[in-house]
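Readers should treat all values here as calculations from the given coordinates under stated rules, not as data from a laboratory. Keep in mind the model is a prediction, meaning the values are calculated, not measured. Positions of Cβ are generated from backbone atoms using ideal geometry, with glycine treated the same way; all protein chains shown enter the neighbour counts.
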Amino acid sequence: MSVDIKTLCNDTTKVAGVDEAGRGPLAGPVVAAAVILDIKKPIHGLDDSKKLSAVRREYLAEEIKTNALAWSIGRVDHLEIDRINILQASLVAMKIAIEGLSIAPEHVLVDGNKCPQVSYSIDAIIGGDRLIPAISAASILAKVSRDKEMVEFDCIYPGYGFAKHKGYPTRAHIIALNNLGICEIHRRSFAPVQRLL
C-alpha cells in the first residue's frame, strides 16, 4: 500500500472512497459511486451498505448527497457487461464515477483488490466498505442508486420480481426465468441466463 490509510483519512486530504453494487445479479447494470466526505460534516452510521436496512440506506444516501464535498455515480449496462465481462465493467463504472467528481481527489481508495485505471494515486482495500467512511458512503450511494433502477425495471418487465431481489439469483428469480424466459436486461454471459438461450 502506497499510503498510511489512517493518517490519510484523518487529515485534510481530499480522499475519494469508491465502491460498486451489482456484480452478482443476473440482470441490470453494475453501478459504482465515488464520494469525497467533508471532515467538518461527519455522517454518523456509515457502514457497508449490505449491513444496513433499505430505509437506513435511503436516509444515509440523502445525508451523503447533502453533506459530502463531492459525489458521483457511474454505471455500466448489461450489454457492456456481456461484452467486456463483469470485472472489467465494474472497473469502468468506478472510473466513470471517479472522473465524474466535481472536485479532483488527492487520493482514491477503492473497496476490493482491483483498481480502475485513473490519473490519481489509488489504493485498493479489501473490506474497505467496513473500514473507510468514504468507501462506506460510496457503497451506500451505489446500492441505493442501483436498487432504485431495479425497482423501475420491475414495472417495465413485470413478473421477474426485480423490485424484491434486484436481479440477484434468488430461487424466485430462477423460477421466473424458467417460466418467462429471459428479458432484455438479463446478462446473457451469466450461466443461469446462458442456459436458457
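Annotations
- Here LYS40 is the anchor, and the aspartates and glutamates within straight C-alpha reach of less than 16 Å, apart from those fewer than 8 places off in the same chain, are ASP11, GLU63.
- By the rule of a C-alpha distance below 20 Å, with chain neighbours fewer than 8 residues away ignored, the lysines paired with LYS41 are LYS6, LYS14, LYS65.
- Gaussian network model of the chain, Cα within-10 Å springs - most flexible of GLU152, GLU58, GLU99: GLU152
- Relative intensity, log₁₀ I(q)/I(0), of region 89-197 from a Debye sum that treats every alpha carbon as a point, q = 0.19, 0.22 Å⁻¹: -1.00, -1.12
- Legend: P(r) of region 1-144 from all alpha carbon pair distances, 10 Å bins from 0, whole percents, reading 13, 47, 33, 6, 0.
- Among MET150, GLY167, GLY22 the positive-end extreme of the charge dipole of the chain (Cβ point charges): GLY167
- The charge dipole of the chain, taken about its Cα centre with unit charges on the Cβ of Lys, Arg, Asp and Glu (plus for the first two, minus for the last two), comes to roughly 500 debye.
- Once each of the trypsin sites (Lys or Arg not before Pro) sitting in a DSSP loop with at most 10 other beta-carbon atoms within 10 Å is removed, the chain keeps 41-194 as its longest stretch.
- Value of relative contact order over region 5-147, rounded to a whole percent, pairs C-alpha under 8 Å and six or more apart: 38 percent
- Computed from Cα positions, the angle between helix 133-156 and the longest principal axis of the chain comes to roughly 20 degrees.
- Mean-square fluctuations from a GNM of the chain, with a 10 angstrom spring cutoff on Cα atoms, peak among SER119, SER72, SER136 at SER119.
- Put in line by how crowded their Cβ is, counting other Cβ atoms within 10 Å and starting with the fewest, PHE162, PHE190, PHE153 read PHE190, PHE153, PHE162.
- Region 146-197 and region 44-77 have Cα centres separated by 24 Å.
- Crossing angle, helix 54-67 versus the chain [Cα axis fit, 0-90 degrees, rounded to tens]: 40 degrees
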